[in-house]
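Chemist: To start, I am sharing the structure in question, which I have written as structure tokens.
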Amino acid sequence: MKDVFLTMVDTHQAIIHKICRIYRDTHEDQEDLFQEIIYQLWKAFPDFRNESKVSTWMYRIALNTALAAFRKNRIALDFKATISEEFHPVDSDGLSENEEQMFAAIRKLTPAEKAIISLYLEDYSYREIAQITGISENYAGVRIHRIKDKLKTILTN
Amino acid sequence: MEFDQLKSSWQQSSQPVKNKSELEMMTKISRHPVLKKLRLKFVIEASLLFIFLVFYNDGFDGAEKPLWANIVLIAGALLFIGNDVAGYFMFQKPVMGKDIGTSLKKFSRNLKRLAISSVSSAFLFGCAMIIFFSTVIDFTPIKLTLMAGMFLAMMVGLYLSYKNWSRRIGDLNGVIEQLNG
């Protein structure tokens with residue numbers, strides 16, 4: 001059973017990486033959340049009945065874990081000064097500039113908005129988003145519309 | 001960056017890949033970051049209480065205290081440790097519903113119950129210690145001051161614990177509210 005589970009997680013691990021990136025700021029916190037999600041997936045695996053897609057099941061558990069997990073208290077540092085190009089890290093963790101910009105923008109949303117938009121970006125339908133999050137299909141549409149507007153504003157500023 | 005570009009960046013996002021043996025290690029409870037800390041807390045608290053209960057009979061004249069005071073102290077200690085165990089099991093499974101909203105609501109309810117039992121068990125254990133130390137004792141002004149100091153320290157500790165739990169539950173309820181608009 002463990003082999004099946006590991007193959008499944010291995011194939012879809014990008015989902016977990018993306019969720020960790022939007023819900024945690026530092027590499028250390030992202031690694032902690034990644035471990036928590038894998039553990040929760042393994043605990044939930046015996047109840048997985050193939051009634052939904054593997055990716056849908058993984059998204060549900062992973063987002064649930066990210067939203068329920070306790071965040072460490074950190075001192076908020078708010079610095080707006082522009083960092084000189086020579087000190088700017090190039091492609092941190094192998095991410096392209098676009099990816100960095102995308103994660104930075106999504107990180108500015110509220111935890112619930114991050115959950116909804118991540119599902120939308122993954123091309124889930126309003127119906128599927130509603131089923132995963134527990135909100136109504138109509139409301140999912142309304143929320144996505146608002147979050148898209150919010151993201152557009154963040155990206156243009 | 002346009003929204004469509006953002007969507008395509010999301011779908012094509014390349015991330016560092018973990019191999020199967022790394023993933024396999026992460027399925028083990030010993031690697032869980034939160035449970036690891038809870039386990040450490042439990043081991044430290046249980047060890048300190050065990051040492052205390054082993055030595056309190058001689059060190060604090062347990063034999064001279066009435067039986068009921070001894071029972072109250074031991075019961076208070078066991079209740080306190082029992083609560084740690086309950087918390088450990090609860091944090092093993094925060095995902096409990098068919099959808100995220102239902103699951104978070106259930107988790108929030110369980111967290112409230114744990115917060116109440118945690119603060120109550122700490123209060124009862126503190127009271128049990130004060131009762132134990134104050135039985136069969138001739139109170140002098142110094143002893144009374146020490147007792148009042150113990151009570152005050154306990155109340156401050158309980159207040160901080162209550163604030164900590166309130167913040168955690170408040171954060172979670174905030175997420176539930178955000179989800180439902």
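The values are calculated or read from the model by the stated rules, or taken from the named source; none is laboratory data. Because the structure is predicted, anything quoted here is derived from the model rather than measured. Neighbour counts are summed over all protein chains in view; Cβ atoms, including those assigned to glycine, are modelled from backbone coordinates with ideal geometry. With ligands, DNA and RNA removed, areas are computed over all heavy atoms of the protein, side chains included. Shrake-Rupley method; radii C 1.70, N 1.55, O 1.52, S 1.80 Å.
Chemist: Given the condition open to solvent by 100 Å² or more (accessible area, probe 1.4 Å), more than 11 Å from chain A (Cβ to nearest Cβ) and outside any helix (DSSP H, G or I), answer yes or no: does some residue in the range B:152-160 qualify? If you could, list the steps in order and put the result at the bottom.
Modeler: So the first thing to find is which residues in the range B:152-160 are open to solvent by 100 Å² or more (accessible area, probe 1.4 Å), and the list is B:152, B:159-160.
If we keep only those that are more than 11 Å from chain A (Cβ to nearest Cβ) as well, we get B:152, B:159-160.
Retained after the next criterion (residues that are outside any helix (DSSP H, G or I)): none.
Checked the range B:152-160: no residue is open to solvent by 100 Å² or more (accessible area, probe 1.4 Å), more than 11 Å from chain A (Cβ to nearest Cβ) and outside any helix (DSSP H, G or I).
Chemist: Look through the range B:55-68, keep the residues that are assigned to a helix (DSSP H, G or I) and open to solvent by 80 Å² or more (accessible area, probe 1.4 Å), and return whichever of them is nearest to the other protein chains (Cβ to nearest Cβ).
Modeler: Among those residues, the one meeting the criterion is B:55.
Chemist: Check the range B:79-86 and report whether any residue there is touching a residue at least 40 places away in the same chain (Cβ under 8 Å) and within 14 Å of another protein chain (Cβ to nearest Cβ).
Modeler: There is no residue in the range B:79-86 that is touching a residue at least 40 places away in the same chain (Cβ under 8 Å) and within 14 Å of another protein chain (Cβ to nearest Cβ).
Chemist: Here's another thing I want to ask about it. Which members of the range A:101-141 meet the condition of being farther than 20 Å from residue A:53 by Cβ, open to solvent by 50 Å² or more (accessible area, probe 1.4 Å) and more than 8 Å from chain B (Cβ to nearest Cβ)?
Modeler: A:107, A:108, A:136, A:138
So that you can scan it fast, the table gives a plain yes or no per residue for (1) open to solvent by less than 80 Å² (accessible area, probe 1.4 Å); (2) farther than 19 Å from residue A:120 by Cα; (3) within 7 Å of another protein chain (Cβ to nearest Cβ); (4) aliphatic (A, V, I, L, M):
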{"residue": "B:9", "(1), (2), (3), (4)": "yes, no, yes, no"}
{"residue": "B:21", "(1), (2), (3), (4)": "yes, yes, no, no"}
{"residue": "B:27", "(1), (2), (3), (4)": "yes, yes, yes, no"}
{"residue": "B:31", "(1), (2), (3), (4)": "yes, yes, yes, no"}
{"residue": "B:34", "(1), (2), (3), (4)": "yes, yes, yes, yes"}
{"residue": "B:40", "(1), (2), (3), (4)": "no, yes, no, yes"}
